[in-house]
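Below: the structure, in structure tokens.
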Amino acid sequence: MSTKNQRIAILGAGGLGACVALELSQRGYKVDLYEEHSAPLKKASYANEGKVHVGFIYAMDKSFHTANSMLIGAVHFMEYLQRWVDVKPEEMISSPFYYLVHKGSLLNATELNAHYQKCCQVFAELSGGGKKKYLGLFDSLEAKLLPKSKMQDIGNPEFIDDIFETTEYAVDPRYIAEKLTEAILSDPNINLILNTKVEAVAKVKERLKVISRNAGLQIEEEYSDVINATWNGLLEIDRTMGIEPLGKWSHRYKFANKILVPLEKQDLPSTTIVLGAFGDTVNFLERGVFMSWYPVGRTGWSEDYRPPDWDTIYSEDERMDVFQRSFEALKERVPALGNLKFPLEAVDPVGGDILALGTVDVDKNESRLHERFEVGIRSFGNYHTVDTGKYTIIPYLAMKVADRLEGKG
Ligand SMILES: Cc1cc2nc3c(=O)[nH]c(=O)nc-3n(C[C@H](O)[C@H](O)[C@H](O)COP(=O)(O)OP(=O)(O)OC[C@H]3O[C@@H](n4cnc5c(N)ncnc54)[C@H](O)[C@@H]3O)c2cc1C
């Protein structure tokens, strides 16, 4: 039975931790929110591309489970987020994505089209025929093969065989991170504990002890419920509770280069180049550009419980080098990128960790990284560990975690 006197700890003030904290606060609970960094929401939920996936990219998962879970996340994304923060979709969404089918793609345009049409159909079912709008704005989903005559404006045919025009979008994660940060800082029910790394959780009879470290000092606090939302720290903390991952896993460090200059829609198409180790360009209009080229930007790979602290190990020069080489590779495929004018100071080559089951990279058919459905909440008594899997499903999972704490599922 839940009571408002429960003492709740949330580990990790990233996207998921912040959303869970805000939802529990709305339901009348007080929470301690631990964060090892000096500020909340500066890791994966800040650096990522912000694509609110509708399943298109997960065409290699023939079970359709991954696409389905992305679609569930996508139809709830804005509705739930707006419970916690005043975000205006039209202030932060990208231009719609084109899907560019690269030479050597793991699936051809016909195979991709069949998958995309299934995503559109399932969206129609999940949204109740448009009752739940994608990003609060769109009541249907589309993916159409472009005629060859229209392709050249978007992608270079030397590399690109086919192009789909879709109605998938990204939201600017920095805008959302800013709003969530303001909300958790001003909420009297949320006690944000910064610069404090959680090292372990231990069972003490019916309760859980969180052992953390701040400036060399060990701190121990007991709670009735603990939610692990630490992403890069998830497995290391779970392990102290004797909990192992569901299979072999990898952490990847991927660069998320931003160019912070305002653009018009026609300056650059938003593109996802499929299917394999390719990349993306995202036109966030007033809010700039995101771009990543996987063969250059996926710099780190670790199969340890906790990956290296990649955010601190690359020098400024190394980061700019990743940016330059990604830019060169991408502008060959998406020529409009090469026409952009911007000062080098507008470039912000941040990066982030991606935790997933699978140890074979995405350029291979057999890679498990093409799936992302064995994610979500695992509960062990009053200890709940949450692998978000994707940004897309954070708001949906945050509501589920709060329900779980109240014994509702
Ligand atoms: C480059 C890149 C692009 C991506 N693009 C997309 C995309 O387009 N769409 C999509 O859906 N997903 C995308 N993702 C995945 C997405 O970013 C993540 O799934 C999601 O942001 C993870 O959210 P989170 O709250 O679990 O983790 P985070 O936001 O990283 O939060 C975890 C927090 O826990 C803290 N922490 C860690 N260990 C400890 C500890 N021991 N003690 C205390 N605090 C700790 C961290 O400092 C961090 O603040 C991308 C990821 C990357 C890196």
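The values are calculated or read from the model by the stated rules, or taken from the named source; none is laboratory data. Bear in mind the structure is a predicted one, so any value in this text is a computation, not a measurement. Don't worry about glycine lacking a Cβ; one is built from the backbone with ideal geometry, like all the others, and counts go over all protein chains shown. These accessible areas exclude ligands, DNA and RNA; they are computed on the full protein's heavy atoms, side chains included. Shrake-Rupley method; radii C 1.70, N 1.55, O 1.52, S 1.80 Å.
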**Message:** Taking the conditions exactly as written (within 10 Å of the ligand (Cβ to nearest atom) and either open to solvent by 10 Å² or more (accessible area, probe 1.4 Å) or in contact (Cβ under 8 Å) with a residue 40 or more places away in the chain (or both)), does residue 68 satisfy them or not?
**Reply:** no
**Request:** Sort through 321, 311, 353 and tell me the only one that's among the acidic types (Asp, Glu) and assigned to a strand (DSSP E or B).
**Result:** 353
**Request:** Look at residue 357 and say whether it is within 16 Å of the ligand (Cβ to nearest atom), open to solvent by 10 Å² or more (accessible area, probe 1.4 Å) and touching a strand residue (DSSP E or B) at 6+ places or on another chain (Cβ under 8 Å).
**Result:** yes
**Message:** Quick check on residue 25: is it assigned to a loop (DSSP other than H, G, I, E, B) and of a type in the set (Ser, Thr, Tyr)?
**Reply:** no
**Residue among 23, 35 that is within 6 Å of the ligand (Cβ to nearest atom), outside the structural domain of residue 306 (by TED's automatic domain parsing) and either modelled with pLDDT under 95 or in contact with a helix residue (DSSP H, G or I) (Cβ under 9 Å, 6 or more places away or on another chain) (or both)** = 35
**Message:** Looking only at the stretch 28-58, filter to residues that are among the small types (Gly, Ala, Ser) and not in a loop (DSSP other than H, G, I, E, B); which one of those is surrounded by the fewest Cβ atoms within 10 Å (Cβ to Cβ)?
**Reply:** 44
**Message:** I'd like the full set of residues that are open to solvent by 10 Å² or more (accessible area, probe 1.4 Å) and small (Gly, Ala, Ser), limited to the stretch 13-27.
**Reply:** 14, 25
**Request:** Assess whether residue 402 counts as being of a type outside the set (Val, Ile, Thr), modelled with pLDDT of 95 or more, away from the ligand (no atom under 11 Å from the Cβ) and in a helix (DSSP H, G or I).
**Result:** yes
**Request:** Kindly provide the set of residues from the stretch 156-191 that are assigned to a strand (DSSP E or B) and within 22 Å of the chain's Cα centre (by Cα), ordered by number.
**Result:** 166, 170, 171
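Listed here are the residues, each with its yes/no results for (1) within 14 Å of the ligand (Cβ to nearest atom); (2) assigned by TED's automatic domain parsing to the domain that holds residue 265; (3) surrounded by 21 or more Cβ atoms within 10 Å (Cβ to Cβ).
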| residue | (1), (2), (3) |
| --- | --- |
| 157 | no, yes, no |
| 161 | no, yes, no |
| 165 | no, yes, no |
| 176 | yes, no, yes |
| 185 | no, no, no |
| 192 | yes, no, yes |
| 195 | yes, no, no |
| 200 | yes, no, no |
**Request:** Out of the residues in the stretch 360-389 that are surrounded by 16 or more Cβ atoms within 10 Å (Cβ to Cβ) and polar (S, T, N, Q), state the one that is modelled with the lowest pLDDT.
**Result:** 367
**Message:** It is to be established whether one or more residues within the stretch 85-92 are under 18 Å from residue 388 (Cβ atoms), modelled with pLDDT of 95 or more and open to solvent by 30 Å² or more (accessible area, probe 1.4 Å).
**Reply:** no
**Asked** Which of (1) among the hydroxyl-bearing types (Ser, Thr, Tyr); (2) touching a Pro at 6+ places or on another chain (Cβ under 7 Å); (3) within 22 Å of residue 274 (Cβ to Cβ) is the odd one out, the single condition residue 134 does not satisfy?
**Response** (2)
**Request:** Of all residues in the stretch 324-336, count the ones that are part of a loop (DSSP other than H, G, I, E, B) and farther than 18 Å from residue 258 by Cβ.
**Result:** 0
